[in-house]
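Structure, as structure tokens:
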Amino acid sequence: MLRNLRPALNKSTNWRNYFLGIVNGVSTRVGMSVTHPSMVLSVFIRTLGGSNALVGLLPAIRFGGWFLPQFLAASWIQPRPRKVPVVVAMEGARILMYAALAVLTYSLGLSHPGLLLVLFFVLFTPSRLTAGSGALARLDAIGKVVPPSRRASFFADRNFWGGAIVFGLGFLVRFMLDPDRGLPFPSNFALLFGLSCLSFVVAALSFSQVRETQDLNQQSRHSLLAQLARAPGLVRQDPDFRRYLLVRILLNMVRIADPFYAVFALDMLGAPPSMVGFYLSAMTLADILSNLVWQRAERMHGTYAIVQASSLLTAVAPLLAAALPWLMHLFGFTVERHGLLPAYLFTSVFLLAGSSNSGRTIGLMALLLDIAPDQERASYVGLVNTVLGFVSFLPIFAGVIIDRVGFEPIFFSTTLLLLLGYLVTLGWKSRQV
């Protein structure tokens, strides 16, 4: 397995980079959370008159735009001896687009909602493309500056502090979207876009200060066609990577159901739009608290164990989303008789989603960096994410299906696919990273 030859960083620089990487990750998470695509932006689309199909388009653009270009971008990023400048440049492009969304939302939200809906997708799409390329360079840089023994802890610390801040921001989002106490539309969404923009500025500034060694034996740059031709070989030569890729594809099916949990609560359980902030806080709190459990489990049982456990938990969330309304009806909990109680009981779905997401993030990110050879790190990461990009377009079709037959078939189908992903992880039960 190929390894990079590069000068070692001293201990103080390692800790400095560790801290800056966490600040960058926390700031990026805050920026994405205050305009959370599956929560806040889905409500934004519905407020502008968009359909469920357009709501389903959100995760397709969010993840497809982020994932799809990465394997090709790896052919440009991988030969570069330094990755930090790439991260900063891509983050700068995203900052400009979110600033434009804030201004346009404030200017056009009331007078031209249809035009704003079009402009939103025009700007949101390239913002995800640049964010994806920047994330690939950032993960490659993290693989260089964070020692292997600290990687799981790095992702866990980043999740914990990011979750702690986002938990508080969930109450702000709830206040902002409350029609009685918060700002009126479109000022509320314009301010949320502005807060995202500010968070991305902090993310770019912090990562620009990371001290990165220059790789000494980087490969020459491949053309786009040559890079595509390399993909089958990368998968064939590494059985661990093949299994990892299959697990990621199956677990990524959670994106089919994710964007519709909040919409389901609004449409079927009588939840007001402000409830989205409560759900966001609940999901984030579960992320924070479970993060401590996942860290301990990783130290005791290894990375593969938390991937398996979080995979099983991931499959439970859409199953609960489908079954909980039926159970509430069975026991007499209805919107007509109990007001918002069914909407609050539905919070359990977001608690499961937050807990499982925390475990997947820690386990799968650390596992990929452990599997990937140093010289091929960008290509390994990029290939995984590009494949996932194609999968990410499935929520578009899910939105169309929901408009025709309802939410439950989508939730049940997602559960079966996620259970299959969990079964594939069981092949790792005798392995330890």
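The values are calculated or read from the model by the stated rules, or taken from the named source; none is laboratory data. Quick caveat, the model's predicted, so the values are computed rather than measured. Cβ atoms come from the backbone with ideal geometry, glycine included; neighbour counts cover every protein chain shown.
For the stretch 117-141, name all the residues that are buried (at least 21 other Cβ atoms within 10 Å of the Cβ) and hydroxyl-bearing (Ser, Thr, Tyr).
127, 130, 133
Given 154, 124, which one is closer than 30 Å to residue 11 by Cα and modelled with pLDDT of 80 or more?
Among 154, 124, only 154 is closer than 30 Å to residue 11 by Cα and modelled with pLDDT of 80 or more.
Can you find even one residue in the stretch 161-173 that is farther than 19 Å from residue 39 by Cα and part of a helix (DSSP H, G or I)?
Within the stretch 161-173, one or more residues are farther than 19 Å from residue 39 by Cα and part of a helix (DSSP H, G or I).
Scan the stretch 400-411 and tell me whether some residue there is farther than 25 Å from residue 242 by Cβ, modelled with pLDDT of 85 or more and crowded, with 20+ Cβ neighbours inside 10 Å.
Yes: one or more hits.
Every residue, every condition in (1) surrounded by 22 or more Cβ atoms within 10 Å (Cβ to Cβ); (2) touching a Pro at 6+ places or on another chain (Cβ under 6 Å), yes or no:
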| position | (1), (2) |
| --- | --- |
| 269 | no, yes |
| 309 | no, no |
| 319 | no, no |
| 329 | no, no |
| 344 | no, no |
| 351 | no, no |
| 362 | yes, no |
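Looking only at the stretch 197-217, decide whether some residue is at pLDDT 85 or above, aromatic (Phe, Trp, Tyr) and under 30 Å from residue 370 (Cα atoms).
Yes, because at least one residue in the stretch 197-217 is at pLDDT 85 or above, aromatic (Phe, Trp, Tyr) and under 30 Å from residue 370 (Cα atoms).
I'm told residue 103 meets every condition in (1) in a loop (DSSP other than H, G, I, E, B); (2) over 30 Å from residue 375 (Cα atoms) except one. Can you identify the failing condition by its number?
Residue 103 satisfies all of (1) in a loop (DSSP other than H, G, I, E, B); (2) over 30 Å from residue 375 (Cα atoms) except (1).
Which members of the stretch 278-305 meet the condition of being surrounded by 23 or more Cβ atoms within 10 Å (Cβ to Cβ) and either under 19 Å from the mean Cα position of the chain (by Cα) or modelled with pLDDT of 85 or more (or both)?
Selection gives 279, 280, 283, 284, 286, 287, 290, 291, 294.
Yes or no: residue 172 surrounded by fewer than 19 Cβ atoms within 10 Å (Cβ to Cβ), in contact (Cβ under 8 Å) with a residue 24 or more places away in the chain and either in contact with a Lys or Arg (Cβ under 8 Å, 6 or more places away or on another chain) or farther than 30 Å from residue 300 by Cα (or both)?
Yes: the conditions hold for residue 172.
Of these, 117, 123, 110, which one is touching a residue at least 24 places away in the same chain (Cβ under 8 Å), within 23 Å of residue 186 (Cα to Cα) and not in a helix (DSSP H, G or I)?
Within the list 117, 123, 110, the selection yields 110.
Among the residues in the stretch 17-27, are any more than 21 Å from residue 187 (Cβ to Cβ), part of a helix (DSSP H, G or I) and of a type in the set (Phe, Trp, Tyr)?
yes
Any residue at all in the stretch 366-384 that is in contact with a Pro (Cβ under 6 Å, 6 or more places away or on another chain) and either part of a helix (DSSP H, G or I) or modelled with pLDDT of 80 or more (or both)?
Within the stretch 366-384, none of the residues are in contact with a Pro (Cβ under 6 Å, 6 or more places away or on another chain) and either part of a helix (DSSP H, G or I) or modelled with pLDDT of 80 or more (or both).
Would it be correct to say that residue 81 is at pLDDT 80 or above and surrounded by fewer than 18 Cβ atoms within 10 Å (Cβ to Cβ)?
no
Let me confirm something: among 92, 56, 50, which residue is buried (at least 23 other Cβ atoms within 10 Å of the Cβ) and either part of a helix (DSSP H, G or I) or in contact with a helix residue (DSSP H, G or I) (Cβ under 8 Å, 6 or more places away or on another chain) (or both)?
Going through 92, 56, 50 in turn, the sole match is 56.
I'm told residue 144 meets every condition in (1) crowded, with 19+ Cβ neighbours inside 10 Å; (2) farther than 19 Å from residue 23 by Cα; (3) not polar (S, T, N, Q) except one. Can you identify the failing condition by its number?
Residue 144 satisfies all of (1) crowded, with 19+ Cβ neighbours inside 10 Å; (2) farther than 19 Å from residue 23 by Cα; (3) not polar (S, T, N, Q) except (2).
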